Amino acid sequence: MAKVIEVEHLYKSYPMAIGDPYPVLKDVNFSIEEGEFVAIMGPSGSGKSTLMNTLGCLDTPTSGVYKIGGEVVSGMNEDQLANVRSEKIGFVFQGFNLLMKRTLLDNVSIPLIYAGYGLDEQHKKAEEMLSHVGLQNFVERFPSQISGGMQQRVAIARALVNNPKLILADEPTGNLDTKTSVEIMNLFQKLNEDGKTIVLVTHEPDIADFAKRLIYIVDGVVHYDGPVSEFKGKR
Amino acid sequence: MEKNVEIIDQKIHMSRAVFRESWISIKSNKLRSFLTTLGIIIGVCAVVIMVAAGQTVQNMINDSFEGMGSNLLLVRPEFVATSGVKSGGQSVVKTGDADVIKKLKYIKAVSPIVNGTAQIIYGNENYMASIVASTPDYLYTGKWEIERGEGLSDRDVKSAQAYILIGKTIESNLFPSGESAIGKTVRVSNIPFIVKGVLKAKGQGMGGVDRDETVIMPVTTYRRRIRGSYIPNRVNYIMAQVDSDKNINKAKRYIENALRESRRLKPGAENDFRVDDMTEMVETVKSVGTYISILLASIASISLIVGSIGIMNMMLVSVTERTREIGIRKAIGAKNSYILYQFLLEAILISFIGSMVGMVLGIGISQVVGVILEKSVPISMLTVVISFSVAIIVGIASGIFPAIKATKLDPIEALRYQ
Ligand SMILES: Nc1ncnc2c1ncn2[C@@H]1O[C@H](COP(=O)(O)OP(=O)(O)OP(=O)(O)O)[C@@H](O)[C@H]1O
Ligand SMILES: [Mg+2]
């Protein structure tokens, strides 16, 4: 199977106002194959979001090599990174991050603007995606007019609409109640069964159980990397 | 090849989409967009009105010189205080000077002129006329034409005949029933005169005076019958028409030399008269009109600058308010250039709409004012050019800085922004 993600000797440190840079990720190594469903866990402040931002090409590593689908991404310029985000990655955030003044249809269409689709095609694909997540009856609504669970579905539809290889989700259920969280996780599971590679960060073991593989990070170092079922750490 | 077509297609799609995004964001903030646009509307409107006002003034100035012959030299007295003794008191020009000038090379027409006003009466009707006492040549130097009857002759001047030529306004006021004035005896300052000709209408002159209130009579008759002068044959000034504009300077020198000789001025003595090129004087006055236009437009453009600062202010607020939106857009694949275009386009759209509305409003207002004041106000190409340039320049100038600020936002920070 082809590798979607390869991370080799990844370091990330933030410059401090005084003194040495503050290291957050320290020599992280792993790779993820196409079709995997990976949960990333770890204590607060351990560097999960930093790792996700790097994987999502929103941030660049201080050193080390990061490849998506065999292509070296670390060292790309801003425009190239924007292209990678547009073509290969779908991002789902904890806070949904929808444009509140735009309809659901427009929200899901926006990634297609940057992918260069015409308006008709944008709307056709966005509508398809919204029905895929069960929101075909809400296309002309605004985010404020639907529930949090539905908003997260819109965000997932938006992440999927340009057919990326990789779905990254940073605590996608963090703002949702248990019942809605399960619904969202079922959706992720279904997407994974359809062949999408999914990497998500979570604090909750119950959520991580939906995944197949777990990467556990403590203080910027990978402590465990293996099947979810065999993890005997902080549970 | 096919790949290129595809890329061009994508670019077109993207520019359309970015345009749509800008437009939607303007629409979704109606009040703020409207208030911002208002600044530009007022600015452009003011500039358009001021340009129209300036051009109207300029046209009025130009029109008032319309009724003047071309290639004119103006000979006027100049007071000179010679060292010690005053040279015979006042300096004057006289009809005799006109005779001297008339003989010179390059001179086509010469008219000594005395101006005055006098009551003109026919039957029960009377009118205050402005009198020009001159010679037959005045028809050329003053650019008059005879509509009916005939002009004055040299003999009329020589023998001081009581003949007059009258303007249209005089005729219509003295003869309200519409009968012709030709051959009728009218009284000017209580002296009977025979109307020899009626002048073609000229309309308004400088300062809105009616040039058809003019009465033309022989200068000799005026001096003998209406108002004498204790210096015989004294006139106000002499107008000399040169045959071609190439010869104006030569003719001017000839006149100066000839008059110095006839006045027996010693070498080195200053001229007690002056010869001015009317065309030059007219150009000077006309250029004042241009300066007035530029001044008015510059004052008005201050409000444009204020309007453009308004756009910049709104865009800066907008960029800060929409930090999160910018983060989201970047996270889902927007390049910096698209963010730049979107915000720049927003500013340009606002200034474009403002300029166009301001232009239409400004043209409308100046036309309405023109109708009220009974002046024809030009709609100039300049106004349209200014409006379009303002639309683009103000849009870019006020939008570029906020737009660059938007592209500089770090997506992670921007997403964290509440
Ligand atoms: N821009 C930054 N500048 C400096 N330090 C930062 C920056 N971003 C994150 N950090 C630090 O890096 C460390 C890791 O942060 P990160 O957000 O990756 O943790 P996390 O594992 O996602 O935590 P949580 O579970 O609370 O979301 C933290 O100590 C944080 O303070
Ligand atoms: Mg985090």
| Do any of B:103/B:202; B:11/B:405; B:105/B:196; B:143/B:375 go past 27 Å between their Cα atoms, and which? | B:103/B:202; B:105/B:196
| message | Given contacts defined as C-alpha pairs under 8 Å and at least six residues apart, what's the relative contact order of region A:3-234, whole-number percent? | response | 28
| message | With Kirkwood's inverse mean 1/r over C-alpha pairs for Rh, give me the Rg to Rh ratio of region A:1-102, two decimals please. | response | 0.98
| request: Excluding residues on the same chain fewer than 8 positions from residue B:184, give the aspartates and glutamates whose Cα lies under 13 Å from its Cα. | output: B:171
| request: List the DSSP H helices in chain B whose Cα atoms stretch 15 Å or more along the helix axis and whose mean Kyte-Doolittle hydropathy is at least 1.6. | output: B:336-372, B:381-408
| field | Candidate lysines - alpha carbon under 18 Å from residue A:125, same-chain residues fewer than 8 apart omitted | value | A:88, A:165, A:196
| field | Stokes-Einstein D for region B:92-271, Kirkwood Rh over Cα pairs, 10 °C, 1.306 mPa s (µm²/s) | value | 92
| Rounded to 10°, Cα long-axis angle of helix A:119-132 versus longest principal axis of chain A | 80
| request: Calculate the radius of gyration of the Cα atoms of region A:106-207 to one decimal place, then report Dmax, the largest Cα-Cα distance, as a whole number, both in Å. | output: 13.5, 42
| remark: For chain A, the Cα gyration tensor yields equivalent-ellipsoid semi-axes (√(5λ), largest first, whole Å) of 29, 21, 17
| field | Size descriptor, Kirkwood hydrodynamic radius, that averages inverse alpha-carbon separations across region B:244-322, Å | value | 18.0
| query | What 222 nm value per residue comes from the helices of chain A, counting each DSSP H run with n ≥ 4 as -39,500 (n - 2.57) and dividing by all residues, nearest 500 deg cm²/dmol? | reply | -10000 deg cm²/dmol
| remark: The Cα extents of the protein assembly as shown along the principal axes, largest first and rounded to whole Å, are 135, 61, 48
| task | Treating cross-link reach as a plain straight distance, find the lysines whose alpha-carbon is under 19 Å from the alpha-carbon of residue B:30, omitting any fewer than eight places away in the same chain. | result | A:101
| request: Over the protein assembly as shown, give the accessible area per residue in Å² for a 1.4 Å probe, as an integer. | output: 48
| query | Of all the C-alpha pairs in chain B, what % are more than 41 Å from each other? | reply | 46
| said: Could you work out [θ]222 nm for chain B from helices alone, using -39500 (n - 2.57) per DSSP H run of at least four and dividing by all its residues? Round to the nearest 500 deg cm²/dmol. | reply: -18500 deg cm²/dmol
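The values are calculated or read from the model by the stated rules, or taken from the named source; none is laboratory data. Owing to the predicted nature of the structure, the values given are computational and were not obtained by experimental measurement. Keep in mind that these areas ignore ligands, DNA and RNA; they rest on the heavy atoms of the full protein, side chains included. Shrake-Rupley method; radii C 1.70, N 1.55, O 1.52, S 1.80 Å.
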